[in-house]
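The values are calculated or read from the model by the stated rules, or taken from the named source; none is laboratory data. A quick note: this is a predicted structure, and the numbers were derived from the prediction, not measured. Cβ placement follows ideal geometry from the backbone for every residue including glycine, while neighbour counts extend to all protein chains displayed. Surface areas here come from the heavy atoms of the whole protein model, side chains and all, with no ligands, DNA or RNA. Shrake-Rupley method; radii C 1.70, N 1.55, O 1.52, S 1.80 Å.
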Amino acid sequence: MIGGIFPVYSRQENILYSFDNKPPMAKFSCSSISLGYIIVDSCSSPTNVLRAALTLMSTSQQNGSQCHPPPMLAIIAESESTQSLAVAGAVGPFKIPLVSYFSTCACLSDKTKYPTFFRTIPSDYYQAKALAFLVRQFGWTWIGVIMSDNDYGRNGISAFRKEVEAHVVCIEFVGTVLRTYPESKILEVVELIKHSTVKVILAFVPEKDFYPLMNEVLKQNITGIQWIASEAWVTAASLSTPEMFKYFGGTLGFVVQKMDIPKLGPVLKDISPYKDSEAFFVSDFWEVLVTEQLKKVHFVDAFGELMFFDKNGDPPASYEVINWQLRDGQTPKAVCSEICPQGTRKAQIKGLPLCCFDCIPCADGSISNTTATDCITCPEEYWSNERKDSCIMKIIEFLSYTETMGIILMALSVLGAFLTFSTLLVFIHFRDTPIVKANNSELSLLLLLSLIFCFLCPLTFIGELTVWSCILRHTAFGIAFALCISCMLGKTIVVVTAFRATLPGNNVAGKFGPPQQRAIVCSCTAVQIVICILWLNVAPPFPDRVIEQRSKKIILECNTGSDAAFYSVLGYIGLLAIVCLVLAFLARKLPDQFNEAKFITFSLLIFCAVWITFIPAYVSSPGKYTVAVEIFAILSSAFGLLICIFVPKCYIILIKPERNTRKHVMRKNTKVN
């Protein structure tokens, strides 16, 4: 005996015909066994279906046979998952197989709870995967969900969530419906739809549970929604009506493959109320059915489809895509936020799902040329363009001859060298005059020559760097200024010894003649030369690229090679300047004809002030401005020495020649004596 629990209604003949046909591989060994069936109407009610199952299990076989089969070998039920769950839980302990033809809930695959359940329709596990694939395929990341408030809806949406959560598909709302819900609960779901921003809604509900909501959508004229249907209502006849199609046209979903049943047509045509409604539909004898034999079913049916049950009692999964359309339609967009354009990145909005985000520009030095969520950092030598969608080479920065600042500094350098060279020519031309002789013409000419080198030094700081320019700029600067300060030191010592020579019985001037003066200048300069030679041998300066991750420039600068050597050069110049300043300060009150010490004192005060302020400015200046600061310090100190020491003399030589006499130079000396 086989039991059947169906929502019979007008589909009884279809059901009875199914009993009238056997699988082609079925064989029977007990010829005295008859196959019978009992069909009970479930009325689509879980309560009625459970009562029917208990009734079938308690039914005793009326006609005995030699094989004595059990009263009920198997039950075929039910169309809805909720009803099948009720029956499967009841018949499982009695080892009675239950075969469902339309219950898709994945929960029924749990063999620990439902060990004797089988079905001929794929599990919702596969449908959830298919629906998730469909959503991803169309790029819908912001959707709403409606589910039936039963096992079918809850388990279906749970499986769907698991599939899409790894693909950043966000669900704005989840509404629940049921055919027995009061109107107020259906209206709550309608309000969810009306106040949401989604354009795509997935409805995982049976047709009868969804019908009340469909009517409310029609009443409240809710349009512009792309509906995705589960297999339970995607082929609902109501969708084809003109009234419903206006709101549900374009519905997309999957349906289990359907085919015409061979020879069903003549059976339907042969239905007549005058025939025996209780005629038997028996074609052959079946052997005794047990659960283990049902698990071994494996055949190709009349439609060419392979039929078997897997370890969970599920058949092979196969779906067809259904899309309700009168004509070609456009695929709607279903996103909370539009895809971020190139050059921007996603910024999560606090309190909203991952699908909702703002698009903010990439930070400097990073780009986004795809739809990725984050910006990528450009390589070390590259920087982002204005649109932040590609990396471009960083600008190589150095003090150039063609830029305004480079031109100005170069002009000042050449001007200083020209003025110094002109002064040198004036001193050479007027070398026999008293004012030139009184100020030690040999040291003055050597001082002017060293100042020319000081003014020309900045030219090695401008332009693109090479190994030789880096070596030359530091060593030439150090040696030129050491020679300059050495000459000033020699002149200061000459002033001091000359004054002391005027004192009775003092012959210091005779012992400190030109050879001694040259020796002081050469020895002081030689120390600097030795420092520079050691520097070049141990760790010479070299061109270097300073690359900062957060800067759009590559700074081309001369690396000193050894900071200790660099500051030794500066320190030695500072030492000479301090010694010279102290001597000049002590000699500042000498008689007027020897008052060059006053000019030397003032020039060295300017020199020291410039180089003291140079150090913090040099350290804090960025990029090419570091070089500009160094050039400015060189030019400022050089101009200070030139102006303070030689301008007063040139003024007398060129403008007041009447004062350039021996009498004028010796006049105050006579008064002092």
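The table that follows gives values for the structure above.
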item: Subset of the range 352-368 (residues that are open to solvent by less than 70 Å² (accessible area, probe 1.4 Å), in a loop (DSSP other than H, G, I, E, B) and under 20 Å from Gln549 (Cβ atoms)); result: Cys362, Ala363, Gly365, Ser368
item: Index of the failed condition, Ser422 passing every other in (1) without any contact (Cβ under 8 Å) to a residue 12 or more places away in the chain; (2) open to solvent by less than 80 Å² (accessible area, probe 1.4 Å); (3) under 30 Å from Lys552 (Cβ atoms); result: (3)
item: Candidate set: the range 552-576, residues that are within 17 Å of Phe614 (Cα to Cα) and open to solvent by 50 Å² or more (accessible area, probe 1.4 Å); chosen: the one farthest from the chain's Cα centre (by Cα); result: Leu575
item: Enumeration of residues in the range 105-146 that are assigned to a loop (DSSP other than H, G, I, E, B), under 42 Å from the mean Cα position of the chain (by Cα) and over 24 Å from Gly224 (Cβ atoms); result: Cys105, Pro122, Ser123
item: Filter result (in contact with a strand residue (DSSP E or B) (Cβ under 7 Å, 6 or more places away or on another chain), among the hydrophobic types (A, V, I, L, M, F, W, C) and not in a helix (DSSP H, G or I)) within the range 239-259; result: Leu252, Phe254, Val255, Val256
item: Test: residue in the range 638-658 that is more than 54 Å from the chain's Cα centre (by Cα) and at pLDDT below 80; result: no
item: Selection status of Val267, open to solvent by 20 Å² or more (accessible area, probe 1.4 Å) and either assigned to a helix (DSSP H, G or I) or at pLDDT 80 or above (or both); result: yes
item: Test for Glu630: is it in contact (Cβ under 8 Å) with a residue 12 or more places away in the chain, charged (D, E, K, R) and not in a helix (DSSP H, G or I); result: no
item: Residue ID - most open to solvent (accessible area, probe 1.4 Å), chosen from residues in the range 527-551 that are modelled with pLDDT of 85 or more and within 38 Å of the chain's Cα centre (by Cα); result: Arg545
item: Gly175 in contact with a strand residue (DSSP E or B) (Cβ under 8 Å, 6 or more places away or on another chain) and in a helix (DSSP H, G or I); result: no
item: Residue in the range 369-387 that is touching a Leu at 6+ places or on another chain (Cβ under 8 Å), surrounded by fewer than 18 Cβ atoms within 10 Å (Cβ to Cβ), more than 26 Å from Val496 (Cβ to Cβ) and touching a residue at least 60 places away in the same chain (Cβ under 8 Å) present; result: no
item: Inter-residue pairs, beta-carbon under 7 Å, first assigned to a helix (DSSP H, G or I) and in the range 147-163, second open to solvent by 50 Å² or more (accessible area, probe 1.4 Å) and not β-branched (Val, Ile, Thr), 6+ apart; result: Ala159/Tyr125; Glu163/Lys129
item: The range 177-230: number of residues that are at positive phi and either hydrophobic (A, V, I, L, M, F, W, C) or modelled with pLDDT under 90 (or both); result: 1
item: Members of the range 369-394 found to be closer than 29 Å to Trp140 by Cβ and part of a loop (DSSP other than H, G, I, E, B), listed by number; result: Asn369, Thr370, Thr371, Ala372, Thr373, Asp374, Cys375, Arg387, Lys388, Asp389
